[in-house]
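Derivation of every value follows stated rules applied to the coordinates shown; laboratory data play no part. A quick note: this is a predicted structure, and the numbers were derived from the prediction, not measured. Here the Cβ is made from the backbone with ideal geometry for all residues, glycine too, and neighbour counts use every protein chain on show.
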Amino acid sequence: MRALVFDVDVQFFCPEFRTSLSDYLALAMPELEQRPTSAAGNLHAILHFSAPVKYEPAKAIWEAVRRLVFADPNANFLAKARVVGSLKNKAGAAAFRVVQIRRGKPIAAKRIIHRLTGDST
Amino acid sequence: MTPAATTGFKRTMLQALLQTLRARNGDPLWDGSSPHCVCPLHGTGNNHAQCSLDLDRGVCTCWGDCASDGKPRRITLADIAKDRVIAAGSWSKFAPYLDTIQRTKDGRPIIIRSARRPVAEVAHDIGAQLAKTGAHYRLGRQLAEIRNGNVQILDKASEIAGAIHTNLEIAVRRRFGLQFRTLTSHDALVFSCMAPFREELPAIEFIAHGPAFDRDVQLVSPGYNARSKIFSVSESVEPRARATHLTKFLDEVSFRDQASRANYVALLLTGLFPQHWLGARPMGWIDANQSVVGKTMLAQCCAAIVSGGDVGTIRFSPEEAALGGDHGKKTSTRLARGLLASLPPGSKRASVASAMALRAKNSSLQHRISRANSSST
């Protein structure tokens, strides 16, 4: 797998945290690409690997990072990200053009594992 | 390993949260390098050193507003997320995200012991996990377990060890993985005597065997009531909007005046607030200007609220009543055993003394009552 997608849904968050969500993601995992997918502030956070990663370790990383970024608990591991520039149309909401507000930086799986699941003690 | 249980995860999340969230005055909670920060739960931002940080454990210890009785509060990642990040109705979805406790395949928590881990921290974790079962409480200084709807005190070391191992596993880390261990009875007793263990368990201050009201005059529901710390083992009681039966009952008795009637209602209500006079013995006197007007019946009704049924009575012959002082002493001694005193017809008086203190089913309560009795005799 070359990248992992995390669906971050602001409806689950306190109003105060919604406004600082992007800052939190940038601090928690600076390598994440951020693509807002709605006017409310929902976004797709994408983690790019510098080299392809096998399914099992990718799943372990996804499990850890989804907790870190408070991603939607119902999201699917194999979900795809919306393409930048595409229009998102949902019933009852105005069309929203997907943009990129923060560029991602590819990272080696080992580094993430070391950072998140590696026990320093 | 549970992702949120690792040092790296806790450190990363705590650092990011403390730098993202703001205090009430708009200042960041943490500058990114100091060993102290503003309290993430109640900090106004005026004191940047009210919390000490332990990034590896993902906790900050608040010595400010959160501290109570001189003890600091340990604020975990879950506390911060619940209070500042996740909306009120969504916490149940995210709670498993921040479960830092490893679990067995059947879902029981695993507590890790090691020579490098403070014993108080292990005791805290064991107490916290037992509290989460919803069946373990603190009754006085003892561990209590709910069995078949009744509160059972675990006063033997082997029982405490059994309760711990029934609900969780103790393990040590080895190179090949976790190695499960048994707690000795002595270890279990030591843990159960430690303050970090006891403080995690919800305290029961009173066990209600009948309908009981808390200090705000709210009828407590069956089970544990965290606000009033009352554990009710009685069946659910549906309060009625109008006191039809009570009015009908009171109308049967010819009270001297409305004040007497109100006093009797107060006497009845006393029985519904046993936790407020625990250890004391409230007493009421029912006087009448003639015999066989229902004094004993009124007294029995008071006792029935406490005991759920009729209680024994003490009868005195006119000769005994004539003894005066001895008679009073005998009455009070017997009342201590929870009996109604029915004085001879000539005296026209019935008492509802420690009928209120009847049916003290748990040993702690009985102990307190007997202690109060012994001090009064």
Proxy reagent accessibility, fewest Cβ within 10 Å first, across A:V69, B:V237
B:V237, A:V69
Average beta-carbon neighbours from other chains, 10 Å sphere, peptide A:25-37
2
So what is the 222 nm mean residue ellipticity for chain A from helices alone, if each DSSP H run of at least 4 adds -39500 (n - 2.57) and you divide by all residues, rounding to the nearest 500 deg cm²/dmol?
-7000 deg cm²/dmol
For A:K88, list long-range residues whose amide hydrogen, built 1.01 Å from N in the peptide plane, is under 5 Å from its own amide hydrogen.
A:F96, A:R97, A:V98
Please report the relative contact order for the stretch B:218-271, taking Cα pairs under 8 Å with a sequence separation of at least 6, and give it as a percent rounded to a whole number.
19 percent
Would you grab the residues whose amide H sits under 5 Å from the one on B:N150? Only those 5+ places off in sequence or on another chain, please, with H modelled 1.01 Å from N.
none
Pull up all non-local amide H partners of B:Q50: gap of 5 or more, or a different chain, and H-to-H distance under 5 Å with H placed in the peptide plane.
B:C37, B:C39
Quick check on the exposure proxy: order B:T12, A:T19, B:T20, B:T133 from fewest to most C-beta atoms within 10 angstrom.
A:T19, B:T133, B:T12, B:T20
Please work out the C-alpha center-to-center distance from the stretch A:1-80 to the stretch B:153-189 and express it in whole Å.
39 Å
Kindly write out, for the stretch B:199-211 in residue order, the coupling ³J(HN,Hα) from the Karplus curve 6.51 cos²θ - 1.76 cosθ + 1.60 (θ = phi - 60°), rounded to whole Hz, with x marking Gly and Pro.
5, 6, 7, x, 8, 9, 9, 7, 9, 9, 8, x, x
Using alpha carbons only, how many degrees (0 to 90, rounded to 10) separate the axis of helix A:55-68 from the longest principal axis of chain A?
60 degrees
Would you count, across chain A, every pair of lysines whose alpha carbons are under 20 angstrom apart, provided the pair is eight or more residues apart or spans two chains?
9
Using only alpha carbon pairs under 8 Å that are at least six residues apart, calculate the relative contact order of the stretch B:117-245 and give it in whole percent.
24 percent
Under the definition of partner shielding as Cβ atoms of other protein chains within 10 Å of a residue Cβ, what is the mean value for peptide A:62-72?
5
Between the alpha carbon centres of the stretch B:206-272 and the stretch B:52-71 the gap in Å comes to 42 Å
